[in-house]
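**Student:** Here you go, one structure.
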Amino acid sequence: ERVREFSEFVEQQQLPALQPPAAEPITVSYQDSCHLRHVARLQQAPRRLLARIPGVRLKELPGADTCCGAGGAYWLTEPGMSLALMREKMGQVARVGAEVLVVSNPPCQLQLLRAARQGAGAWRVLHIAELLARALPGVEPERGE
């Protein structure tokens, strides 16, 4: 009862006026982590937080509710299935045309960073806290991204 997911906690806080996290508007998609969506039933808080950031266009990811293949240590115990799920996820990201794929789960972030670094797409993968940090006053927006 005392533990809150990051976006759920931040959503309840009084935030300063946020600024665009990049010089130009960016298209962002959010990948649900399986445990947050299916166990904690937490789907809207991250999306509401992203919607509060100026210059961010949130485009819903088809299949955001399906596993990226990380599954905690799933990528270690079932590497073939993990790779297949990751490839399917990368196809979903490519179809939606997001510049940034936002996640809330570090294993998901590692899995999707791996895919992006293997040339699966031209998008970046950021944890929701990273994107929010870039939107805080006093943090210079990224240029040329």
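**Student:** Would you please give the FRET efficiency between residue 78 and residue 127, computed as 1/(1 + (r/R0)^6) with r the Cβ-Cβ distance and R0 = 22 Å, to the nearest 0.05? Provide the component values of the computation, followed by the final result.
**Tutor:** Working: r = 24 Å, r/R0 = 1.09.
The formula returns an efficiency of 0.35 here.
**Student:** What number, in nm² with one decimal, is the all-direction average of the projected area of the convex hull of the alpha-carbon atoms of the chain? Don't skip to the end; give the middle numbers.
**Tutor:** On the way: hull surface 35.3 nm².
With every direction weighted equally, the projected area is 8.8 nm².
**Student:** Here is a follow-up. Given a 10 angstrom Cα cut-off, can you work out which residue in 19, 118, 92 is the most mobile in a GNM of the chain?
**Tutor:** 118
**Student:** Still on this structure, please answer the following. Write down the accessible area per residue of the chain in Å², having rolled a 1.4 Å probe over the full set of protein chains.
**Tutor:** Spelled out: the 1.4 Å probe surface of the chain, per residue, equals 53 Å².
**Student:** Related question: From the backbone phi of the range 122-136, what are the Karplus-calculated ³J(HN,Hα) couplings (6.51 cos²θ - 1.76 cosθ + 1.60, θ = phi - 60°) in whole Hz, Gly and Pro given as x?
**Tutor:** In residue order, the calculated couplings are 9, 9, 9, 10, 10, 6, 4, 5, 5, 5, 4, 4, 5, 9, 6 Hz.
**Student:** Net charge near residue 117: determine it from the other residues with C-beta under 15 Å of the C-beta of residue 117, scoring Lys and Arg +1 and Asp and Glu -1. Could the numbers behind the result be given before it?
**Tutor:** On the way: positive: 87, 89, 114, 124; negative: none.
So the environment of residue 117 carries a net charge of +4.
**Student:** Would you mind counting up the charge near residue 11? Only other residues with Cβ under 11 Å from its Cβ, with Lys and Arg at +1 and Asp and Glu at -1.
**Tutor:** Values: positive: 4, 47, 48, 52; negative: 5, 8.
Neighbour charge sum, excluding residue 11 itself: +2.
**Student:** Compare the Cα positions of 50, 127, 31 along the charge dipole of the chain (+1 at Cβ of Lys, Arg; -1 at Cβ of Asp, Glu; about the Cα centre) and return the one farthest towards the positive end.
**Tutor:** 31
**Student:** Further question: Would you kindly state how much longer the chain becomes between residue 12 and residue 87 on full extension, computed as 0.36 nm times their sequence separation minus their alpha carbon distance, in nm to one decimal? Intermediate results must be reported in sequence, preceding the final value.
**Tutor:** Values: separation 75, 0.36 × 75 = 27.00 nm, distance 3.53 nm.
Gain on stretching residue 12 to residue 87: 23.5 nm.
**Student:** Quick check: at a probe of 1.4 Å, how many percent of the accessible area of the chain sits on carbon and sulfur atoms?
**Tutor:** Values: 4280 of 7730 Å².
For the chain, the apolar C and S fraction of the accessible surface comes to 55 percent.
**Student:** I would also like to ask the following. Show the residues, 5+ positions off or on another chain, whose built amide H is closer than 5 Å to the amide H of residue 125.
**Tutor:** Excluding prolines and chain starts, which carry no amide H, the hits are 101.
The values are calculated or read from the model by the stated rules, or taken from the named source; none is laboratory data. Remember, predicted model here, so these are calculated numbers, not experimental data. Counting neighbours? That spans all protein chains shown, and the Cβs are built from the backbone with ideal geometry, glycine included. SASA here: full protein model, heavy atoms, side chains in, ligands and nucleic acids out. Shrake-Rupley method; radii C 1.70, N 1.55, O 1.52, S 1.80 Å.
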